Structures are given as C-alpha cells and as structure tokens.
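Below you'll find the structure, written out as structure tokens, and then a few comments.
Bear in mind these aren't lab numbers, they're just calculated from the coordinates by the rules spelled out. Model, not experiment: these values are computed from the prediction. All Cβ positions, glycine included, derive from the backbone under ideal geometry; neighbour counts span all protein chains shown.
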Amino acid sequence: MSLVLERQLVLVAVLLLAAATLVQVAGVVFGRSAYRPTAGIYTAVVAVLAAAIAGRWVREGQGPFLTLYDILLSNLFSLAVLLLLVTASLPGVRSATLFASPLLLVLGVWLTGVSEIATPLPGAFDNAWLWVHVLSGKLFLGLNLAATAAASVMLLQGAVPSRRLAALAAQPQETEQQIWALFFVSFICHSVMLVAGAVWAHSAWGRYWSWDPLETWTLVTWLMLGGILHVRSTFRNLSQGVGHALMLAAFAVAFLTFFGVPFLSIAPHKGLM
Amino acid sequence: MMSLLRKLASLRLTLVGMILLAVLAVIASRRADVDAGVTVVPLAILVINLLAALLTNRSFRAQTGLLVFHVGLLLVFVFIGLTVLLRFDGHAEVLQGTAFDAAQVETVDQGRWHDNRLDGLEFYQGEVRINYLPGLNRQDTHSTIEYRTGSGELRRVAIGDTRTASIDGYRIAATFNKGFALLLQWSGDDGSEILGAVHMPSFPEFDWKQVTTWTTPAGQEVELELDFDRPVSSDTSAWTFGDTSMAYTVHVAVAGDAPRTLQKGESARLEGGAIRAVDLRVWMAYQIEYVPFLPWLFVAAMLAIGGLAAHFARRYLPATVPAGTDKKEDALAHVARA
C-alpha cells in the first residue's frame with residue numbers, strides 16, 4: 001500500500017470519528033440513543049484503520065511500535081476496537097462514546113499532522129515481551145478510557161440535571177458497577193504492562209528499571225489506579241462524584257504518560273545507534 | 001501491641017505511603033541531586049503497613065485473591081531489596097582476538113553485599129558483525145564469544161540483540177558501543193617489546209573523528225588518527241561493521257613535530273622508542289551484570305497479578321445463581337459495595 005493511500009485512509013477514519021462525535025451530540029440534543037449509528041461508524045473506523053495499519057506493516061516490514069505516528073495510529077485503532085467491544089458487551093457504559101468520540105477525534109486530527117516516516121525497529125527491541133507490553137498497554141488504555149468516559153457522563157449528569165442527559169445512563173447502579181469493573185481490569189492490564197515492560201527493557205537495553213521519565217510516570221499512574229481502589233475501600237461513604245473525578249485525574253495522567261512523556265524524554269524508546 | 005499494629009495497618013497509612021512514593025519518584029527522576037534511594041522511605045512504610053495488615057486484619061486474610069496480590073507485592077519489595085544489595089553492573093570493552101580482562105571493567109553500580117568474582121570470569125572475543133540499514137539504523141548484532149561452561153565444555157555463541165551469555169552467574173550482554181582498535185608494537189630503546197591495543201572512539205557514532213591520544217611507555221603523549229582509504233559506514237545504504245581487511249592509514253602527531261603517517265606494518269620513531277602499526281581489530285563493549293533474584297522478582301510480580309485477577313473474579317464477575325431468586329439481587333448488591 002502506498003503512503004498516499006495510507007494517508008487517505010487515516011483521513012477517512014478522522015472524518016468518520018467527526019461523524020461519530022456529531023451523532024453523539026445529536027443523540028443528547030434529541031434525547032435519543034445514538035448507540036446503533038455510533039457502533040456502525042466505529043466498525044467502519046476499525047476497518048479503515050486496520051487496512052491502513054496492515055498496509056503500513058507490509059510496506060515497512062515492521063509493526064507500528066516506535067514513532068509518534070505509529071503510536072497514535074495503533075492506539076486510535078485499539079481504542080476504537082475496545083470501545084466497540086465494551087459498549088457491545090456492557091450496555092451500562094454505552095454512554096462512554098459521548099466523551100470518547102471527541103477524544104479519538106483529537107487523536108485522529110493530531111495523527112494527520114505528524115510525520116509518517118518510519119524508524120526501523122532496532123533488533124534488540126524486537127522480542128515477544130514487546131508484544132505483551134504493547135498489547136497490555138493498549139488494553140489498559142482502552143478499558144480505562146471506557147470506564148473514565150462513562151464516569152464523566154455520570155459526573156455531567158450530576159452537575160447538569162437534565163432528562164436528556166439522564167437517559168444516557170438509564171440504570172445508574174448497573175453503570176456504576178460496570179465502570180468500576182472496567183477500571184479494575186484496566187488496573188490489572190496496567191500491572192501486566194509494567195512487568196512486561198521491565199522484562200522487555202532488560203532485554204532491550206539491559207535495565208529492567210532505570211527511573212527514566214516514562215517509567216516514573218507509568219509507576220505514578222499505577223499508584224494512582226491502586227490508590228483510587230484503596231480510597232474506595234477506605235472511605236466507604238465516598239461520594240460517587242469524587243470516585244469518578246479521581247478516575248478522570250488518573251486517566252489524564254495515563255494519557256499524558258502514553259502520548260506526551262515518551263516523545264519529550266530521552267532515547268530508550270527510540271533506539272540508539 | 002495489637003493497638004499499635006492496628007494503627008500501622010491503617011488503609012489511610014497505605015494511601016500516605018503511595019502518595020509519598022509517587023511524589024518522591026517524580027522528584028528523584030527530575031532532580032539530579034535527589035537519588036532514587038529516597039523512595040526507600042515510602043516503600044518501608046508500605047511494607048510495615050502491609051505486614052501489620054496481614055497480622056491484624058482477619059477479613060483481609062480471608063480474601064484469597066487480595067491476600068495473594070499483597071503477598072506478591074511484599075515479595076516484590078523483598079526481591080528488589082535483595083537485588084539492590086547483591087547486584088553488580090559494569091561495562092567492559094573487549095578486543096577481538098583477546099580474552100576478557102576483569103581489570104578493564106568499569107563499575108556502574110555494585111551492591112553492598114556483592115561478592116565480586118569478576119577475576120574468575122573468562123571468555124574470549126571472536127568475530128563481530130553488526131548489520132546496519134540505511135540511515136545508520138542498527139539492524140542486528142552478532143558478537144561471537146567463547147567460554148567454558150561449569151562442566152568444562154567449550155561453548156561458542158554469537159550474542160547480540162536478544163541473546164546474552166551467562167557465565168559464572170554474570171550476564172554478558174552486547175551493548176551498542178563498539179569501535180576499531182589499533183594493534184601497536186612498542187620497541188623501546190631499553191630493549192623492551194610491548195604489544196598493545198589502542199581503542200579508537202565508538203563507531204559509527206564518531207566515524208567523523210577517529211582520533212585519540214595515547215601515552216607511550218616512555219611517557220610521551222601522542223595523538224593517533226585512524227583514516228580509512230574508503231568510507232566504512234554509509235548513511236544511504238546498508239553496510240556491516242566488523243570487517244578489518246580494508247586499507248587504512250594511521251596519522252601520528254606529536255606536539256612540536258611534523259605529523260607522520262603509517263600504513264600496516266610500518267614504524268615511526270618517537271621519544272624513547274618506536275611504534276609499529278601491527279593490525280586493525282575491533283573492540284566490543286559489554287554490560288556485565290549480576291542480578292541473582294531477577295527471575296524470582298518476575299515470579300513474585302506475576303503472583304501479585306494473578307492474585308489481582310482472582311480478586312477481580314470474586315468481586316466483580318456475577319455469581320452463578322438461578323434467575324429470579326433473591327440471591328441474584330444479593331450478589332448484585334455485593335458487587336456494588338466492592
């Protein structure tokens with residue numbers, strides 16, 4: 001697949017995400033469920049991005065692991081897949097797409113402005129632990145996004161009493177259960193990512209832990225996730241809103257760790273000569 | 001005593017420890033004057049807090065998944081502590097065609113309890129071949145070494161990107177650092193004959209500046225520059241590092257004297273003796289590491305994750321109860337509290 005076609009596919013995915021965002025807003029305005037059209041659009045996004053990734057993989061002879069473009073492209077795909085699967089299997093968190101869609105749109109627009117030139121994956125980086133590390137990381141981010149986005153909708157419902165907003169989570173108790181279940185699984189996935197990353201780093205550059213900014217902020221994210229679960233156990237009368245606000249803060253740190261820190265810090269994740 | 005233990009087991013103390021750990025980790029990673037060792041304080045708080053909770057909190061012990069997760073975490077802390085005390089981390093450059101010399105190891109980090117056995121470490125450096133893609137991107141590394149196993153068997157392995165060698169408990173890993181070396185013969189006016197190697201700067205990182213200074217056995221400081229007759233590396237095409245068969249020139253410069261050039265086999269007169277360019281070799285840099293509890297650290301971490309997964313299954317997955325019974329509502333209420 002040519003680079004031009006790959007770029008066109010990415011553009012189509014971004015336009016589809018813009019459509020998904022509009023559909024979500026229209027759903028709130030007209031007080032109707034936007035789940036079915038959104039799921040259809042997400043399916044198309046997944047198909048288009050899968051084609052772009054497959055074409056790039058064949059052309060470059062390596063997976064999308066290294067550059068900012070690779071990370072944005074692969075995460076856009078994995079986030080869309082996971083949101084599609086989570087909302088299909090857990091009806092209580094279908095409202096997550098209200099906040100997740102604009103976030104994916106932002107990632108997509110960012111992707112269109114990033115250089116698509118691939119950097120060869122150093123031989124030392126290419127082992128099975130890279131796969132475990134990357135896949136568990138993507139699972140973490142996708143599940144955490146679903147939980148946080150659904151929690152954000154509940155926060156909005158609490159802040160702006162509206163019948164139309166209330167319709168987004170018709171069964172708050174079920175939604176609350178599913179949000180925390182997703183959050184817990186995302187914590188497990190984050191733990192796997194952390195351990196697999198340490199094993200991979202030891203193999204790739206001889207250090208399982210070196211307190212570089214990415215490792216430090218990943219540990220901070222892990223402590224925040226674990227801390228939030230602890231807060232929930234410690235303060236039994238903790239309000240739902242505070243729990244959701246803490247979840248939002250943890251996601252913000254995780255998001256910045258994923259998309260900010262690796263590209264502002266030093267060489268390890270980019271390869272050395 | 002139990003009252004003190006209960007206070008130490010407080011979940012609020014856990015939160016204090018976690019926040020302190022996060023804050024100190026960020027500070028240590030951002031400030032060069034703060035050592036990561038400061039994280040020992042919150043880690044110690046968390047270990048004491050966890051031990052106290054294990055001793056005093058019966059309901060905590062009754063939840064198997066949660067218990068396994070925390071015991072796994074405790075073991076992670078224990079193995080990290082043992083690793084810090086016992087570990088060794090160093091670097092060494094080894095010349096092609098020679099044996100590893102423990103005296104050349106530059107120590108990066110050594111634990112207080114590490115029993116240094118580097119003198120007993122023996123391996124021989126063979127051929128080095130590192131393939132590069134256009135753009136000076138390292139593709140794969142093959143550094144052949146020979147060593148004797150514990151049973152006395154001679155083993156020859158090519159270590160590199162994902163393969164390391166374990167000799168006498170030490171892990172030998174090839175690094176990205178390598179370069180050319182000049183094998184020089186020193187013939188002193190006093191009749192001394194010394195054969196030695198001068199390691200040139202890392203290649204291709206400093207392919208534009210293959211210059212180094214060397215002090216002769218007679219005490220004179222000499223600048224040596226290695227110059228190849230044709231380009232060795234390429235930014236636009238694939239190439240391989242490790243070949244030493246190409247023609248080269250050594251420029252020998254001494255302060256206050258006209259520079260001289262040497263081809264392979266030629267000599268130059270210096271103060272107190274003469275040097276002869278004997279051969280061109282490569283040197284390879286290795287990380288020499290001793291981390292005895294690393295596999296156990298991994299097992300403990302996986303145990304913790306397994307416990308977490310078991311706890312999730314117990315807390316969040318719906319209980320298998322017949323539909324339409326009161327038990328289903330009880331189960332949902334239980335999940336909501338979790």
Q | Selected from B:Thr98, B:Ser245, B:Gln63, residue furthest toward positive end of dipole (the protein assembly as shown; charges at beta carbon) | A | B:Gln63
Q: Return the tail of the calculated pair distribution for chain B, meaning the percent of Cα-Cα pairs more than 30 Å apart.
A: 59
Q | Cβ-based exposure ranking for B:Val23, A:Val46, in which fewest neighbours within 10 Å come first | A | B:Val23, A:Val46
(Q) Taking the beta-carbon count within 10 Å as an exposure proxy, list B:Leu136, B:Leu95, A:Leu141 from fewest neighbours to most. (A) B:Leu136, B:Leu95, A:Leu141
Q) Which of the trypsin sites (Lys or Arg not before Pro) found in segment A:1-105 are loop residues per DSSP with 16 or fewer other Cβ atoms within 10 Å of their Cβ? A) A:Arg32
**Q.** chain B - charge dipole about Cα centre, Lys and Arg +1 at Cβ, Asp and Glu -1, debye rounded to 20
**A.** 2740
Q: In vacuum, with every alpha carbon of segment A:104-188 counted as one equal point scatterer, what does the Debye formula give for log10 I(q)/I(0) at q = 0.12, 0.17, 0.19, 0.20 Å⁻¹? Two decimals, please.
A: -0.58, -0.88, -0.96, -1.00
Q: Could you give me the percent of Cα pairs per 10 Å distance bin for segment B:73-201, shortest bin first, beginning at zero and ending with the bin that holds the maximum distance?
A: 10, 33, 31, 19, 6, 1, 0
**Q.** R0 of 25 Å, Cβ-Cβ distance A:Ala54-A:Ile117: FRET efficiency to nearest 0.05
**A.** 0.85
Q: In nm, give the distance between the simple-model label positions of B:Val34 and A:Thr43, each being 7 Å from the Cα along the Cα-to-Cβ direction.
A: 5.2
Q: Measure off 7 Å from each Cα along the Cα-to-Cβ vector at B:Asp119 and B:Ala258, then give the distance between these two points in nanometres to one decimal.
A: 5.1
Q: Against the globular-protein guess of 2.2 N^0.38 Å, express the Cα radius of gyration of segment B:1-118 as a ratio, rounded to two decimals.
A: 1.48
Q: At a temperature of 25 °C and a viscosity of 0.890 mPa s, determine how fast chain A diffuses translationally according to Stokes-Einstein, using the Kirkwood radius over alpha-carbon pairs as Rh; express D in µm²/s, rounded to the nearest whole number.
A: 127
Q) Rounded to two decimals, what is Rg over Rh for segment B:216-271 when you use alpha-carbon atoms and the Kirkwood radius? A) 1.09
Q: Can you figure out the FRET efficiency of B:His251 with B:Asp190, using R₀ = 22 Å and their beta-carbon distance, to the nearest 0.05?
A: 0.25
Q: Determine, at each q value in 0.17, 0.19, 0.26 (inverse angstroms), the log₁₀ of I(q)/I(0) that the Debye formula gives when each Cα of segment B:172-255 is one equal point scatterer.
A: -0.80, -0.94, -1.42
(Q) How high is the relative contact order of segment A:1-59? Use alpha-carbon pairs under 8 Å, at least six apart in sequence, and give a whole percent. (A) 55
(Q) Suppose the Debye formula is applied to equal point scatterers at every Cα of the protein assembly as shown; what is log10 I(q)/I(0) at q = 0.07 Å⁻¹? (A) -0.57
Q. If you place +1 on the Cβ of every Lys and Arg, -1 on the Cβ of every Asp and Glu, and leave all else neutral, what size is the dipole of segment B:246-297 about its Cα centre, to the nearest 20 Debye?
A. 180
(Q) Report, to one decimal in Å, the Kirkwood hydrodynamic radius for segment A:61-115 based on all distinct Cα pairs. (A) 12.1
Q | Scaled radius of gyration (Cα, divided by 2.2 N^0.38 Å) that segment A:158-244 gives | A | 1.49
(Q) Just to be sure I follow the definition: excluding the sites themselves, where is the longest run in chain B that has none of the chymotrypsin sites (Phe, Trp or Tyr not before Pro) in a DSSP loop with at most 12 other Cβ atoms within 10 Å? (A) B:209-338
Q) Under the Kirkwood approximation for Rh and a Cα-based Rg, what ratio Rg/Rh is obtained for segment B:43-111? A) 1.34
**Q.** Residue-span extension gain [B:Ala268 to B:Phe77] - 0.36 nm each, minus C-alpha spacing
**A.** 62.8 nm
(Q) Can you give me the orientation-averaged projected area of the convex hull built on the Cα atoms of segment A:1-122, in nm²? (A) 7.3
Q. In debye, nearest 20: dipole of segment B:167-260 around its Cα centre with unit charges on the Cβ of K, R (+) and D, E (-)?
A. 340
Q: Compute the normalised compactness of segment B:182-322: alpha-carbon radius of gyration over 2.2 N^0.38 Å, N being the residue count.
A: 1.95
Q) Which is the longest run of chain B containing none of the trypsin sites (Lys or Arg not before Pro) found in DSSP loop states (not H, G, I, E, B) with at most 12 other C-beta atoms within 10 Å? A) B:210-338
Q: Obtain the nm distance between the two label points defined at B:Asn131 and B:Ser237 by a simple spin-label model: each point lies 7 Å from its Cα along the Cα-to-C-beta direction.
A: 1.7
